[in-house]
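Here is the structure we will look at, set down as structure tokens.
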Amino acid sequence: MIPSSDKVAFGDVEVVRLLDGTIRVDGGAMFGVVPRTLWAAKAHPDRENRIPLALNCYLVRTPTATVLLDTGVGPDIARRHVDFYSYERRPGLLAALAGLGLGPDAIDVVVNSHLHFDHCGGNTTRAAGAGWTPAFPRARYVVQRGEWEQAMNPVERDRPSYMPARLKVLAETGRLALVEGDAVVAEGVEAVVVAGHTASHQGIKVTSGDRTFFYLADAVPTTAHIGVDTIMSFDLYPVDTFNAKKALLATAEAEGWILGFGHDLATPFAVLRRAGTRLDAVPAAGTENG
Ligand SMILES: [Zn+2]
């Protein structure tokens with residue numbers, strides 16, 4: 001079942017964090033140039049210096065559409081990824097969805113922040129016989145054109161992150177909807193380019209009434225990354241991440257946005273509070289109406 005800390009409702013929308021599972025990733029890689037003594041207190045590394053990360057997906061239910069933001073590693077995660085990242089499926093995207101009484105055909109739109117394997121692995125499943133098939137049979141899959149092109153033709157540095165053979169079927173079956181720049185993907189749901197982690201990485205903004213939810217994906221993977229200079233060493237364009245984050249978090253603070261994160265396990269929803277020069281993440285969940 002979905003815990004109440006994993007849901008927010010505001011205006012006439014509901015957003016639910018669906019947990020595809022957890023992985024363990026080297027703490028140094030997650031916090032870039034930040035010294036271990038600073039991040040270790042918050043992130044609790046294990047004996048191998050790895051920290052636990054959630055594979056967060058978010059379900060957005062509006063009066064007119066059911067939209068899924070990212071799809072985790074999916075049910076067919078490669079063995080090498082299970083071993084390397086100590087992946088644990090708990091509960092898994094499809095099981096979490098079933099916990100809401102929903103099957104794959106309930107999804108109208110899938111939006112991928114980017115196409116690294118841990119954000120789009122659930123886009124497709126193994127087809128009977130051979131090859132791959134769209135996991136959400138009715139869905140339109142919204143991806144930035146630049147990200148799609150990168151995923152289809154990865155360069156040496158990002159080849160391990162992409163799995164083009166699993167994604168091609170989305171184009172072949174006419175399910176793929178490429179966008180360029182900011183784009184409305186459903187009523188009240190907008191894809192917003194937040195470059196840096198990859199050149200065409202995007203966040204997703206959901207607005208209803210006077211409230212906004214913003215899914216930051218890997219621009220701010222956990223609440224421990226709220227500080228502008230805390231940037232993952234995975235980021236291909238760290239200066240872009242710095243600038244995009246700074247602008248976005250200033251707006252998020254000013255407008256009281258509810259934020260969602262690509263990899264925060266304990267805090268799927270947070271709002272920002274300023275403490276002097278520092279911004280803190282305060283957990284936010286529940287119903288924000290009235
Ligand atoms: Zn990620």
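Amide H contacts under 5 Å for residue 284: 269, 270, 271, restricted to partners 5 or more places along the chain or on a different chain, H placed in the peptide plane at 1.01 Å from N. About the centre of its Cα atoms, segment 143-290 shows a dipole size close to 200 debye [charges on the beta carbon of Lys, Arg (+1) and Asp, Glu (-1) only; nearest 20 debye]. The relative contact order of segment 99-244 comes to 20 percent, based on Cα pairs under 8 Å that sit 6 or more residues apart.
Once you order the gyration tensor axes a ≥ b ≥ c over the Cα atoms, which shape class does segment 1-49 get: rounded for a/c under 1.5, otherwise prolate or oblate by comparing a/b with b/c? Note, shape of segment 1-49 comes out prolate.
The label point for residue 233 and the one for residue 84, both projected 7 Å from the Cα toward the Cβ, are 1.5 nm apart. Pull out a ≥ b ≥ c, the square roots of the eigenvalues of the alpha-carbon gyration tensor of segment 154-209, then state rounded if a/c is under 1.5, prolate if not and a/b is larger than b/c, and oblate in the remaining case. The shape class here is oblate. For a paramagnetic label modelled at 7 Å from the Cα of residue 29 toward its Cβ, which residues of segment 51-76 fall within the zone defined by backbone nitrogen distances under 17 Å? Once the point is set 7 Å along Cα→Cβ of residue 29, 51-56, 73 turn out to lie under 17 Å by backbone N, inside segment 51-76. Using θ = phi - 60° in the Karplus curve 6.51 cos²θ - 1.76 cosθ + 1.60, the 3J(HN,Hα) couplings for segment 143-154 round to 9, 5, 4, x, 5, 4, 5, 5, 5, 6, 10, x Hz; x is entered for Gly and Pro.
For residue 260, the residues 5 or more places off, or on other chains, whose built amide H falls under 5 Å of its own are 214, 215, 216.
Derived scalar couplings between HN and Hα for segment 71-81 equal 9, x, 8, x, x, 10, 3, 5, 3, 5, 6 Hz in order, rounded to whole Hz, by the Karplus curve 6.51 cos²θ - 1.76 cosθ + 1.60 (θ = phi - 60°), x for Gly and Pro. A simple packing score, the average count of other Cβ atoms within 10 Å per residue, orders the peptides 175-182, 4-11 as 4-11, 175-182, with the highest score first.
Short-range pairs are left out: with C-alpha atoms under 8 Å and at least six residues apart, the relative contact order of the chain is 20 percent. For segment 1-79, the relative contact order is 33 percent, taking Cα pairs closer than 8 Å that sit 6 or more residues apart in sequence and dividing their mean separation by the residue count.
Using the average count of surrounding beta-carbon atoms within 10 Å as a protection proxy, the listed peptides 212-218, 241-247, 194-200 rank, highest first, as 212-218, 194-200, 241-247.
Over the C-alpha atoms of segment 3-125, the Rg to Rh ratio, Rh being the Kirkwood estimate, stands at 1.02. Where both partners of a DSSP beta bridge lie in segment 88-204, what percent of those bridges are antiparallel, to the nearest 5? Restricted to segment 88-204, the bridges split so that about 55 percent are antiparallel.
Think of the chain as having a plus end and a minus end, set by charges on the Cβ of Lys, Arg, Asp and Glu; of 2, 49, 283, 49 sits farthest toward the positive end of this dipole. The packing ranking of peptides 45-53, 127-135, 14-22, highest mean first, is 14-22, 45-53, 127-135, where packing means the average number of other beta carbon atoms within 10 angstrom of each residue. Looking at the chain, the DSSP beta bridges with both ends there are about 75 percent antiparallel. For segment 110-117, backbone phi angles converted through the Karplus equation (6.51, -1.76, 1.60; θ = phi - 60°) give residue-by-residue couplings of 10, 10, 9, 4, 6, 10, 4, 4 Hz, Gly and Pro being listed as x.
For segment 222-258 versus segment 109-132, the spacing of their alpha-carbon centroids is 27 Å.
Around the amide H of residue 112, modelled in the peptide plane, lie the amide H atoms of 70, 142, all under 5 Å away and 5 or more residues distant in sequence or on another chain.
Please state the shape class of segment 105-155: rounded when a/c is under 1.5, otherwise prolate if a/b exceeds b/c and oblate if not, all from the C-alpha gyration tensor. The shape class here is oblate. Considering only beta bridges that DSSP places wholly inside segment 184-275, some 80 percent are antiparallel.
Read-outs: derived from the displayed coordinates by stated rules, not from any lab. Since the structure is predicted, the reported quantities are computational estimates derived from the model, not experimental observations. Glycine also receives a Cβ, built like all others from the backbone with ideal geometry; neighbour counts cover every protein chain displayed.
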